[in-house]
1. Can you go through B:Ser71, B:Ser25, B:Ser33 and tell me which one is surrounded by 15 or more Cβ atoms within 10 Å (Cβ to Cβ), closer than 22 Å to A:Gly136 by Cβ and within 15 Å of the chain's Cα centre (by Cα)?
2. Here is a check on your reading of the model: is B:Phe52 open to solvent by less than 20 Å² (accessible area, probe 1.4 Å) and within 10 Å of another protein chain (Cβ to nearest Cβ)?
3. Scan B:Ala15, B:Ala109 and give me the residue that is of a type in the set (A, V, I, L, M), more than 13 Å from the chain's Cα centre (by Cα), more than 8 Å from chain A (Cβ to nearest Cβ) and open to solvent by 60 Å² or more (accessible area, probe 1.4 Å).
4. Kindly provide the set of residues from the stretch A:130-140 that are away from chain B (no Cβ under 12 Å) and open to solvent by 10 Å² or more (accessible area, probe 1.4 Å), ordered by number.
5. Within the stretch A:100-129, count every residue that is more than 14 Å from the chain's Cα centre (by Cα), surrounded by fewer than 24 Cβ atoms within 10 Å (Cβ to Cβ) and either hydroxyl-bearing (Ser, Thr, Tyr) or closer than 11 Å to A:Glu66 by Cα (or both).
6. When A:Ser86 is evaluated against the numbered criteria (1) in contact with a Cys (Cβ under 9 Å, 6 or more places away or on another chain); (2) open to solvent by 10 Å² or more (accessible area, probe 1.4 Å); (3) more than 20 Å from B:Thr60 (Cα to Cα), which criterion, by number, is the only one it fails?
7. For the subset of the stretch A:48-65 comprising residues that are polar (S, T, N, Q) and within 13 Å of another protein chain (Cβ to nearest Cβ), which member is nearest to A:Thr103 (Cα to Cα)?
8. Looking at B:Val43, B:Val99, B:Val64 in this structure, which one is closer than 25 Å to A:Ser80 by Cβ and open to solvent by 60 Å² or more (accessible area, probe 1.4 Å)?
Amino acid sequence: MAFTRRKMLILGSASFATATLVGLPAFASLTDDAIIAITGGAETSDAGITLTAPEIAENGNTVPVEVSAPGATSIALFASGNPTPSVATFNFGPLAGSQTGATRIRLAKTQDVVAIATMPDGSFLRASVTVKVTIGGCGG
Amino acid sequence: MAENVRPRVRVPKTAAAGEVITIKSLISHKMESGQRKDGDGNVIPRSIINRFVCAFNGETVIDVTLEAAVSTNPFFEFEAVVPEAGDFSFTWYDDDGSVYEETKSVAIA
C-alpha cells in the first residue's frame, strides 16, 4: 500500500489524538492513585472539612494553606499539578486542641489543592481548592 | 547536616488548665526538593525535613509527614490542649538523619 499525502495526514492526526487521550488520564491519575491509596476507593463527602488557600498565588514557592476537619484523625494534602502530588500529612494526637493545621507549600503551576481527611469511623472527607500560580515553585 | 538550621517556636508562657493554645513553629531549612538542577544540568539531590512531631509531656499533639512540596523554612501552625503544667517538645527529622529538637515550658496561670 502506497502512503499518499492524505493518508499520512489522517494517520498523523489519529496517532496524535490517541497520544493526547492516553496522556491526560495518566497525568491526572497520579493524584487519584495517591488518594485511593488512603481511602481504598471509598466514597468521600464534602461536609465538615475546610481547606483555605489563596485564589491567586503570585509566588508558587510559598503558598499558605490551612486545613481544618473537626474530629479527623489525619489530614493529607495533595497538589494535583506537582511532579509528586503528595504535600504533607497531619496526624493528630490526643492533645491536639483542634484538627487544624496550617503550613506553606510549593505549587509548580495553576492547579487544584486537595485535602483528604480520615475520620475515626473509617469515612473520608475531601475538599479541593483551585489556586492560580503566577510563578511556579519547583525550579526548572 | 544542613548548615544554619535553627528552630523557632512560639508558645504562650502561661495557660489556664485545659485551655487550647495556638502554636507556631518554623525551622530554617532549605528543603531541597530534588527537582532542581544546578548550572551544569545535574540534579541537586533531595534534602528535606521529612517529619515533624510536637508532643506535650510525652503525649502527641501533632505528627506531620512532610514531602518535597513543603516550602523552604517549613512553617506549621496548630492548636494544642494544655491539661497541666509541663513541656512541649518539638522534633524535626532531616533526610540525612539529623534530628533537631526544641523544648518550651508552659506554666498554669
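The values are calculated or read from the model by the stated rules, or taken from the named source; none is laboratory data. The structure displayed is predicted, hence computed values, not measured ones. Note that we place each Cβ from the backbone using ideal geometry, even for glycine, and neighbour counts take in every protein chain shown. Just so you know, the surface numbers come from the protein's heavy atoms only, side chains and all, with ligands and any DNA or RNA stripped out. Shrake-Rupley method; radii C 1.70, N 1.55, O 1.52, S 1.80 Å.
1. None of the others qualify; the one that does is B:Ser71.
2. For B:Phe52, the condition - open to solvent by less than 20 Å² (accessible area, probe 1.4 Å) and within 10 Å of another protein chain (Cβ to nearest Cβ) - is met.
3. B:Ala109
4. Selection gives A:Thr130, A:Lys132, A:Val133, A:Thr134, A:Ile135.
5. Number of matching residues: 5.
6. Checking A:Ser86 against (1) in contact with a Cys (Cβ under 9 Å, 6 or more places away or on another chain); (2) open to solvent by 10 Å² or more (accessible area, probe 1.4 Å); (3) more than 20 Å from B:Thr60 (Cα to Cα), the one that fails is (1).
7. Top of the filtered list is A:Thr62.
8. B:Val43
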